[in-house]
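This report refers to the structure that appears directly beneath it.
The values are calculated or read from the model by the stated rules, or taken from the named source; none is laboratory data. Here the structure is a predicted model, which means the values were calculated and not measured. FYI the Cβ positions are ideal-geometry reconstructions off the backbone, even for glycines, and counts take in every protein chain you see.
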Amino acid sequence: MLKFLSSFGRYWLLLAKVFSKPEKHEVYYKQTTKELISLGLRSIGITIIISFFMGAVITLQTAYNTENPIYPTYLIGLGCRDSILLEFSSTIVALILAGKVGSSIASEIGTMKVTEQIDALELMGVNSASYLILPKIIASLVFNPFLTLISIIVGICGGWLAGTATGVISSQDFIYGIQYAFIPYYIVYGLIKTVFFAFIIASVSSFQGYYVEGGSLEVGRASTKAVVYSSVMILLFNVILTQLLLS
Amino acid sequence: MIRAENISKTFGDREVLHKVSAVFEPGKTNLIIGKSGSGKTVFLKCLVGLLDINEGEIWYGDTLFSKLDFSAKKEIRKEMGMLFQGSALFDSMTVEENVRFPLDMFTSFSYEEKLERVNFCLERVNIVNSNKLFPAELSGGMKKRVAIARAIVLKPRYLFCDEPNSGLDPKTSIVIDELIKEITDELNMTTIVNTHDMNSVMEIGENIIFIEEGEKCWEGGKNEILKSDCTILNDFVFANALAKQLKQSAGT
């Protein structure tokens, strides 16, 4: 318990250091651009692949569970849309990104820590926490909503393709289903969750990397911890945000 | 001038430094020597503020550095350059970007002015045509020299070197030592070198502090080392047979 409280305190102290005034905006701007490419653009591929197959599987599973003739077939499209909007494109994609981006952030910062690169920054008079972590948080907060939107579009396309290709639903019924009783707020809800999850992934992973002590073994452990703790926090906040935003 | 007064540092229950005092004068190459694990690196990191001290005071000129807050320390740190044991070059940056980094961060020079300064520093440490290489593509000696170039690019008043010769062959070590000495003289810096390399001691040691188990045991110049009657120092400095012979011949 004491260890948890100590880590919790250190996390907030680190965030206070991260959000202190940057030394030079121009340098931070360049660094944020780099992170947008590294953490955002380079995650588009995995997001597309996961979302496509996720949409396809949701459609097929909904179809096989609603074979009863009393259910109209357009429900398959509706089910696919709502599952993707409400849960999959925000939460599942966030969990995947916690694995990909989270481990990358923790290992990058952790390696910098054990090879004294962070000490070098501090010694130059640079706020290392802010210089290294703030651009990652900003890049994640800015880009992850786009990844969610991409995921929604690709997921629904995947569902449509799987449904029509296997003949479980016609194209017209699927399109009618995804338009039926559409609530635009679901997109807002998904995007709000994404912003919270992006912050969790970037900050928790950075925290794990920043306080590494030791060598490569500890960097590996920090990387694993970053993924595990980020994922647990995402699931916890998923429950909290759902209750707050949908109740 | 840097002045350390009765510095003590503990990690948990273990006291790593015990009331160490020293004065490091400008224009001199000051050496901290001692066995591995004697507390040299901890002392150096306390001096630059990377570790907080438990007792004592650290003065930079007339400023009590050890009592300054984070932002005030940052201002003094801009006058420091440090060569780390593993060079600590930024992996994701090229040689040029590494050396240019402090200029990007703390000056309003144009790109051309920065490039001119970077090239001057790189030439000063004999690194040419390597601007676009990444640290992973450099040899150990080149990494150290690039790290020296980065350390001096802002013309610091204080230079700290943590085991600058570790992992280098004797010839390259001498090149690095000479470079540190020349740069110290040119910029009239207060240079503190942490080492257990006896070649460095005899090459550049103007003021030497010997630390044993966290305590300062001896202080003097390189010529005084040969005549010292401090047993612990002699055991450390004249550990091998050749050095023992040298000591004996100096004594006779």
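Figures for the structure shown
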read-out	value
Residue in region A:171-180 that is more than 25 Å from the chain's Cα centre (by Cα), within 13 Å of chain B (Cβ to nearest Cβ) and surrounded by 19 or more Cβ atoms within 10 Å (Cβ to Cβ) present	no
Residue match in region A:120-136 (condition: buried (at least 21 other Cβ atoms within 10 Å of the Cβ), under 29 Å from residue A:245 (Cβ atoms), in contact (Cβ under 8 Å) with a residue 60 or more places away in the chain and under 14 Å from the mean Cα position of the chain (by Cα))	yes
Count - residues of region B:79-91 that are more than 8 Å from every other protein chain (Cβ to nearest Cβ) and over 20 Å from residue B:25 (Cβ atoms)	1
Top-ranked residue of region B:60-71 - restricted to ones that are at pLDDT 85 or above and surrounded by fewer than 16 Cβ atoms within 10 Å (Cβ to Cβ), ranked as farthest from the other protein chains (Cβ to nearest Cβ)	B:62
Failed criterion for residue B:105 (all others in (1) surrounded by fewer than 20 Cβ atoms within 10 Å (Cβ to Cβ); (2) more than 12 Å from chain A (Cβ to nearest Cβ) hold)	(2)
Number of the exception - residue A:4 against (1) at pLDDT 90 or above; (2) over 20 Å from the mean Cα position of the chain (by Cα); (3) of a type outside the set (S, T, N, Q)	(1)
Hits in region B:47-59 (condition: of a type in the set (A, V, I, L, M, F, W, C) and either farther than 22 Å from residue B:26 by Cα or away from chain A (no Cβ under 13 Å) (or both))	B:51, B:53, B:58, B:59
Test for residue B:188: is it surrounded by fewer than 16 Cβ atoms within 10 Å (Cβ to Cβ), touching a Pro at 6+ places or on another chain (Cβ under 8 Å) and more than 14 Å from chain A (Cβ to nearest Cβ)	yes
Helices (runs of 4 or more DSSP H) within region B:132-231 that include 3 or more residues in contact (Cβ under 8 Å) with a residue 60 or more places away in the chain	B:140-152, B:170-187, B:198-204
Of all residues making up region B:108-130, the number that are in contact with a helix residue (DSSP H, G or I) (Cβ under 7 Å, 6 or more places away or on another chain), more than 23 Å from residue B:177 (Cα to Cα) and part of a loop (DSSP other than H, G, I, E, B)	1
Residue under evaluation residue A:163, criteria (1) touching a residue at least 40 places away in the same chain (Cβ under 8 Å); (2) out of contact with any Pro (no Cβ under 9 Å at 6 or more places or on another chain); (3) closer than 30 Å to residue A:222 by Cβ, criterion not met	(3)
Residue match in region B:10-22 (condition: more than 13 Å from chain A (Cβ to nearest Cβ), closer than 14 Å to residue B:209 by Cβ and in a helix (DSSP H, G or I))	no
Condition met for residue A:191 (assigned to a helix (DSSP H, G or I) and at pLDDT below 95)	no
Evaluation of residue B:38 against (1) under 24 Å from residue B:182 (Cα atoms); (2) surrounded by 20 or more Cβ atoms within 10 Å (Cβ to Cβ); (3) not acidic (Asp, Glu) (one fails), failing number	(1)
Selected residue [in contact with a Ser or Thr (Cβ under 9 Å, 6 or more places away or on another chain), within 14 Å of chain A (Cβ to nearest Cβ) and not in a loop (DSSP other than H, G, I, E, B)] from B:32, B:76, B:7	B:76
Matching residues in region A:1-35 - criterion: being away from every other protein chain (no Cβ under 11 Å) and more than 23 Å from residue A:108 (Cβ to Cβ)	A:1, A:2, A:3, A:4, A:5, A:6, A:8, A:9
Qualifying residue in region B:82-97 (condition: under 22 Å from residue B:5 (Cα atoms) and out of contact with any strand residue (DSSP E or B) (no Cβ under 7 Å at 6 or more places or on another chain))	no
